[in-house]
Amino acid sequence: MNKVWQTRLTQQFPPTIPIIGAPMAGVSGAHLAFATTKTGALGSIAAGHYVTDNSAHNLDLEVQEYYRLFDHNGHKTTSATTEATQPPLMVGFICHSTFNSEEGWNRVENFMKRYKPQVVQYFSPALVAKKQTTPLTTTTTTTTVDDASFNNNIELAHKYGCKVMAQVGTEEEARKVLDAGTDCIIAQGTEAGGHGCRYDVGSGTLALASRIVTLVRGNTEGKKKNIPVLAAGGIVNGRGLAAALALGCDGIVLGTRLWASSEAKGAEWKKQKLADANVGPDQVIRTTVMDKVQNSFSKTPWPEPFDSSGVLRNEMTDMWHGREKELDQALQCKTRKRNKTGVDEKGGDEDNDEKEEENEVVVQFKNESFIYAGKGVGDISSITSAHDIIQQIEKEAFDIIQSLPQMVLVDKGDNS
């Protein structure tokens, strides 16, 4: 294609194609980021819940592998490589857990200092003040980072020259990150796969993206009037890209579509489920069922309003969606481990020597895997390379945009 894209995204950020790869925990590693970026879009590496030294070590390995892939393909990244010539690095953080402690702030700052990624994506929530009072457990904790050089996570990124993409699910959150100086806003609609705002809080991709475009372009102060706005949620093809651009957005974010790629991490059978789904959007549901169960035993529970997930329907969603109060009660029940005679396996009677096992709902949850998926999954028919996916989306969008003048700008006399 001889034409080049000119949107605020391609003008202000590294990609030449207005497509971003979502930083999906357990999915977006070095190989997917490399393949996406090499094609002209911008791939990302997921830091996920960046809460332990082990998670920091794993992220280091992914970043180093990402640079190694570029080195192997003729782009040398040595100590003499300048920021202007090094391959663009984008990393995504889940903020409610990552910035929940002073150690977390220090861990992220050390990463920024060492790698200076060109872009970071923040989510859940996109803006976190240094003084954090959102607990990860039922016990309220307050942690403070004493560093006058930044007041929140956006300023922390800017301190090291990193641009910030703030993913939001509501207009209110968009206003906050805009005021805090974000460099880009991702409007994530409720059609998205994986975690995002609950239905009762969030909005559909079309309505949310359109509203945030209005909010940003109408920013009276004008300081961030021209930052890119990206659409995310249910977009898997060129029609989605063309529609987003028609809304006034500057690009799109791909999640589910890039999970169903050969370079994505994760179980191959789960990827194949996405390609084989062949279902309409009604077979994808945004539900709190998964998070209610997982939060009952997870060390990094998801807080409201981000405690809902877009997944393919399964037996658990059919059983519990709409019955959340009953699910809460069921999760409080414990069962004792017994043999067929009604006696504890250790040999004690029913009143003594009890041994509790996991909650029955939790056991069912662990035995029945949830498949994250956005509402557009029905249009995914195969597992292909990220390169082919992005090129196909680009071509389809370009063909649609080229054909629009012939469809709508016709002289009245030509139709008589």
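The values are calculated or read from the model by the stated rules, or taken from the named source; none is laboratory data. In this text, all values refer to a predicted model and were calculated from it rather than measured experimentally. Neighbour counts are summed over all protein chains in view; Cβ atoms, including those assigned to glycine, are modelled from backbone coordinates with ideal geometry. Only protein heavy atoms, including side chains, enter the accessible area calculation; ligands, DNA and RNA are left aside. Shrake-Rupley method; radii C 1.70, N 1.55, O 1.52, S 1.80 Å.
Of the residues making up region 234-252, those that are within 18 Å of the chain's Cα centre (by Cα), of a type in the set (Gly, Ala, Ser) and open to solvent by 10 Å² or more (accessible area, probe 1.4 Å) are Gly234, Gly240.
Kindly establish whether Thr256 is of a type in the set (Val, Ile, Thr), touching a Gly at 6+ places or on another chain (Cβ under 6 Å) and buried (at least 20 other Cβ atoms within 10 Å of the Cβ). Spell out the reasoning first.
On the way: of a type in the set (Val, Ile, Thr): yes; touching a Gly at 6+ places or on another chain (Cβ under 6 Å): yes; buried (at least 20 other Cβ atoms within 10 Å of the Cβ): yes.
In short, yes.
Could you check how many residues of region 294-326 are free of Cβ contacts under 8 Å to residues at least 60 places away in the same chain and in contact with a strand residue (DSSP E or B) (Cβ under 6 Å, 6 or more places away or on another chain)? The total comes to 3.
Evaluate the following for Lys265: is it surrounded by 19 or more Cβ atoms within 10 Å (Cβ to Cβ) and more than 25 Å from Ile185 (Cα to Cα)? Criteria not met by Lys265.
Residue under question is Leu32, and the condition is that it be more than 18 Å from Phe111 (Cα to Cα) and touching a residue at least 24 places away in the same chain (Cβ under 8 Å); does it hold?
Details: more than 18 Å from Phe111 (Cα to Cα): yes; touching a residue at least 24 places away in the same chain (Cβ under 8 Å): yes.
So Leu32 fits the description; yes.
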